[in-house]
Each structure stands twice: as structure tokens, then as C-alpha cells.
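Peer 1: What follows is a single structure, and I will ask about it in a moment.
Readers should treat all values here as calculations from the given coordinates under stated rules, not as data from a laboratory. Keep in mind that this is a model prediction, so the values were computed, not measured. Ideal geometry is used to build each Cβ from the backbone, glycine not excepted, and the neighbour counts take in all protein chains shown.
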Amino acid sequence: MPEMYGSSVGAHVVDTDIENGTMRLNMRVEAEHITTSGVLDEGLVATIADNHTTFLLMSHSLSVQPDQMPISVSICLTVHTMARIAPGTDIEIVCSAPLATSKLKQPQAAAVFVDAHDNRIV
């Protein structure tokens, strides 16, 4: 079976809570993950966020409606890098997929990348 695009970048799932729609990953930042501006590569960030939030949305969909086909489609993906980062920095990636509510007609997902040692958003 072929590897999922972006799955070999070094992000490892630490824990997952499908019922609450959360997933936490960790990753050590390498030089190739950093742009010439000194921030995480936005394509890398988008790929990790999209891959893992899709898993959350589809898994939750299956847990709520096991007889239905799970669906997750990214229709809008926005990436903001917030701070410079150095190679060797350990980061934590916190993915969340809040459920649809009366105010939120469709589920949405978010992924926040933080320095694992000082909780600074990167």
C-alpha cells in the first residue's frame, strides 16, 4: 500500500480522542521543514493539518453514523505561521474537529502548532 502524501515528515500521533474530536501529535523540526524566512514551511503545515484533521472528521463521522459513508472534504485551508523556529525544536500539533451545532452547520477542523517546551505558537 502506498504511503499517504506527507505521512513521512516525522509527525507522530501521541493520543486521539475521537469522541471529543481531538488528536495530539509531536514532531521534531528539521532544517528541511524551515523556510528561508525561518518559519515552518506552510506547505508542510497544510499537509499535516489536512491529513490529520481529515482522519478526525471521518473517524467521528463513522462513530456517530456507522452505517453511512464517512465524508471529509477540505474546501478552505488557511495557514498562518506565527514565529521563527530553529531546527531541533520539538513541537506539538493539536488538532481539533468540533462537531456540527445549531450555529455551526458543518464540522470544521483546526490544527495548532506549538513549541513543546514553552507553548509558543509557531
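Peer 1: Give, in nm to one decimal, the length gained when the segment between Ala116 and Gln68 is fully stretched (0.36 nm per residue of separation minus the Cα-Cα distance).
Peer 2: 13.5 nm
Peer 1: Which residues' amide hydrogens lie under 5 Å from the amide hydrogen of Ile18, considering only partners 5 or more residues apart or on another chain, with H built in the peptide plane?
Peer 2: none
Peer 1: To the nearest µm²/s, what D does Stokes-Einstein give for the chain at 37 °C and 0.692 mPa s, using the Kirkwood radius over alpha carbon pairs as Rh?
Peer 2: For these conditions, the coefficient is 216 µm²/s.
Peer 1: Using 0.36 nm per residue of separation minus the Cα-Cα distance, give me the extension gain between Asp90 and Glu42 in nm, one decimal.
Peer 2: 15.6 nm
Peer 1: Hey, another quick one. Taking GluC sites (Glu not before Pro) that fall in a DSSP loop and have at most 11 other Cβ atoms within 10 Å as cut points, what is the longest piece of the chain between them?
Peer 2: For GluC sites (Glu not before Pro) (loop position, at most 11 other Cβ atoms within 10 Å), the longest site-free span of the chain is 20-122.
Peer 1: In degrees from 0 to 90, rounded to the nearest 10, what is the angle of the helix 42-64 Cα long axis to the longest principal axis of the chain?
Peer 2: 20 degrees
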